[in-house]
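J.: First, the structure itself, so that you have it in front of you.
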Amino acid sequence: MGNIEELKGMIDFKNGHIDRRIFWEDWIYQLELEKLFAKSWLFVAHESQVKNTGDFITTYMGQDNVIVTRHKDGAIHVFTNSCTHRGNRICFADRGTARQFTCNYHGWAFGTNGDLLGMHEEDHYKGHIDKSKNGLQNARVETYKGLVFACFDDEAPRLEEFLGDFRWYLDIILDQTEEGTEFLGGSIRNMYNANWKFGAENFIGDSLHVGWTHASGAKAVSMGHEVPEYMPVDPSSFHANANGHGWEGGIDGVGTLELVSSGNPRLVQYFEEQRQSMAKRLGDLRARKIYGSVISATVFPNFSFLPGINTMRTWLPKGPRQFELRAWTMVNKNMPDDIREIVQNACAMTFSPSGIFEMDDGENWENSTIANEGFVTRKQHLHYGLRVGTSRRDDPELPGNISRPMYSDVNQLAFYQRWIDFLTAESWDDIPKVR
Ligand code: FES
Ligand SMILES: [Fe+2]
């Protein structure tokens, strides 16, 4: 068992060096569950997944299975999926509609707000239980423009503060239209024998793997075009990070749209028509230059997305050496059916179990997790030093800490700075409000 002082020494932010043990040590993983996943705001659902009274989905916060429901008062509730009698799971479905959740073991029944409603042969319990004190554990719930986040820590700041300057970037995908967004039905799942942080840090800023890891897949999906043709090394492309969240991307406005619409120009055409109304909401920079470029992003700690391809995904930890990926496709509510279909197909073709890019990444993350554990290997630090120290919080147009171009380790280091902030903090006072 290690300790906090040892952990603090594992990341050298000045030189960009990281200790390989953070990817597989059990005691570090246990600290992540306690000090990160039980304290942080975590993405749990899109509002469209729990639209009507009784609608629910099940997911994870850390390794805690939770039920996300729409209660009859209209509020969204998130509570633990484990009976307060003997702990049995009370809901086995991924999603559905329910009036209550009744445990299989002894028939205790819970409402869609987690309250204990009653039990089989309740007479036996008269005078032996206060039902109001034996409900399921509710998390705090807040939404940001359709995305539902939950947090198990009463002391945590509000979601808005947690997201901070990153809201400006989230709005690029969430606030294109008055009607907002929705998730298409169903999710895609993969199990990886890898540490969850590899997914998060890859999406937060790993431009450099694209032209190499995904070289053959990119050619296949773009009718033979090389990666640099839609992802040029543009000096104005950037890494932006705020409070551990990060966005990397270009400003040509077309890279991703051209990639996903290869062979079908309708998607690019559609967004060109939309740009004017988008610009009224988001301004020219975001609507015309940023949206549509090659971009990837992560909301700290484990929620990532690709604007344009529109995969929205969580890296759910299952131990230091395993995680489950759950991914959904997001569309604007007012998108015509043919555009929805193009987005859905592009998403499945690129980022799904049979997608041409998904498996490229997984293999690398699994082997990185395993290889980092070697007894001799583990003693040599990893290099995260590309353009280290170059990000600044004074850009006239872009909020957050900015570094150019997008080929750097700046966002990854900002992610690990926040990670170490959480893991080493004794209370919220120790975690900077703005990073
Ligand atoms: S464990 Fe749920 S009713 Fe007994
Ligand atoms: Fe990738």
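A short reminder: the numbers here are calculations on the coordinates, not readings from a lab. Just so we're clear, the structure is a prediction, and the values are computed from it rather than from any experiment. Neighbour counts are summed over all protein chains in view; Cβ atoms, including those assigned to glycine, are modelled from backbone coordinates with ideal geometry.
J.: Please report, largest first and rounded to whole Å, the three semi-axes of the ellipsoid equivalent to segment 42-143, where each semi-axis is the square root of five times an eigenvalue of the C-alpha gyration tensor. Walk me through the intermediate numbers first.
T.: On the way: eigenvalues 113, 36, 30 Å².
Equivalent-ellipsoid dimensions as semi-axes: 24, 13, 12 Å.
J.: I would also like to ask the following. Pick out, in residue order, every one of the GluC sites (Glu not before Pro) in segment 124-210 that is DSSP loop and has at most 12 other C-beta atoms within 10 Å; say none if there are none. The partial results should precede the final answer.
T.: Values: sites: 142, 155, 160, 161, 178, 179, 182, 201; in loops: 155, 178, 179.
For GluC sites (Glu not before Pro) across segment 124-210 that sit outside H, G, I, E and B with at most 12 neighbouring Cβ atoms in 10 Å, the list reads 155, 178, 179.
J.: Using alpha carbon coordinates only, what is the Rg to Rh ratio of segment 68-222, with Rh defined as the Kirkwood radius? Spell out each step's value before the answer.
T.: Working: Rg = 21.2 Å, Rh = 19.7 Å.
Ratio of gyration radius to Kirkwood radius: 1.08.
J.: Regarding the chain, what's the average projected area of the Cα-atom convex hull, expressed in nm²? Could you put the intermediate results ahead of the total?
T.: Values: hull surface 87.5 nm².
If I average the Cα hull's projected area over directions, I get 21.9 nm².
J.: Next question. Could you give the angle, 0 to 90 degrees to the nearest 10, between helix 196-205's Cα long axis and the longest principal axis of the Cα atoms of the chain?
T.: With rounding to tens, the tilt is 40 degrees.
J.: Taking the beta-carbon count within 10 Å as an exposure proxy, list 357, 203, 375, 166 from fewest neighbours to most. Present the calculation step by step, with values, prior to reporting the outcome.
T.: Numbers: 357 21, 203 27, 375 6, 166 24.
Neighbour counts put them in this order, fewest first: 375, 357, 166, 203.
J.: Quick check: net charge around residue 125, other residues with Cβ under 14 Å of its Cβ, Lys/Arg +1 and Asp/Glu -1? Walk me through the numbers on the way to the answer.
T.: Details: positive: 126, 131, 133; negative: 121, 122, 123, 130.
After counting each charged neighbour, the total is -1.
J.: For segment 315-354, compute Rh as the Kirkwood radius over C-alpha pairs and then the Stokes-Einstein diffusion coefficient at 10 °C and 1.306 mPa s; write the answer in µm²/s, rounded to an integer. Show your work: numbers first, answer last.
T.: Values: Rh = 12.0 Å.
Reported coefficient: 133 µm²/s.
J.: Hey, another quick one. Order 359-366, 425-432, 288-295 from most to least packed using the mean count of other Cβ atoms within 10 Å. Numbers along the way, then the final one.
T.: Values: 359-366: 17.5, 425-432: 12.0, 288-295: 23.5.
Per-residue mean Cβ counts within 10 Å order the peptides as 288-295, 359-366, 425-432.
J.: Still on this structure, I have one more. If you keep only loop residues by DSSP, which trypsin sites (Lys or Arg not before Pro) in segment 1-51 have at most 16 other Cβ atoms within 10 Å of their Cβ?
T.: On the way: sites: 8, 14, 20, 21, 35, 39, 51; in loops: 14, 39, 51.
In loop regions of segment 1-51 (DSSP not H, G, I, E or B), the sparsely surrounded trypsin sites (Lys or Arg not before Pro) are 14, 51.
J.: Also, quick follow-up: Across every pair of different alpha-carbon atoms, what Kirkwood hydrodynamic radius in Å does segment 370-435 reach?
T.: Numbers: mean 1/r = 0.0702 Å⁻¹.
For segment 370-435, the Kirkwood estimate is 14.2 Å.
J.: I want the local charge near residue 324. Using Cβ-Cβ distances under 13 Å, sum +1 for each Lys or Arg and -1 for each Asp or Glu among the other residues.
T.: Values: positive: 189, 313, 318, 321, 326; negative: 94.
Neighbour charge sum, excluding residue 324 itself: +4.
J.: Test of understanding: ordering 105, 192 by Cβ neighbours within 10 Å, fewest first, what list do you get?
T.: Numbers: 105 13, 192 22.
Exposure proxy ranking, most exposed first: 105, 192.
J.: Can you pull out the chymotrypsin sites (Phe, Trp or Tyr not before Pro) in segment 8-93 that DSSP calls coil and that have at most 13 other Cβ atoms within 10 Å? Intermediate results must be reported in sequence, preceding the final value.
T.: Values: sites: 13, 23, 24, 27, 29, 37, 41, 43, 56, 60, 79, 92; in loops: 13, 24, 41, 92.
The qualifying sites are 92.
J.: Separate question: Dimensions of segment 162-281 along principal axes (Cα, Å, largest first)?
T.: Result, largest extent first: 40, 39, 38 Å.
J.: Now, a different point. Starting from the Cα-Cα distance between residue 381 and residue 368, subtract it from 0.36 nm times their residue separation and give me the gain in nm to one decimal.
T.: On the way: separation 13, 0.36 × 13 = 4.68 nm, distance 1.32 nm.
Length difference between fully extended and current span is 3.4 nm.
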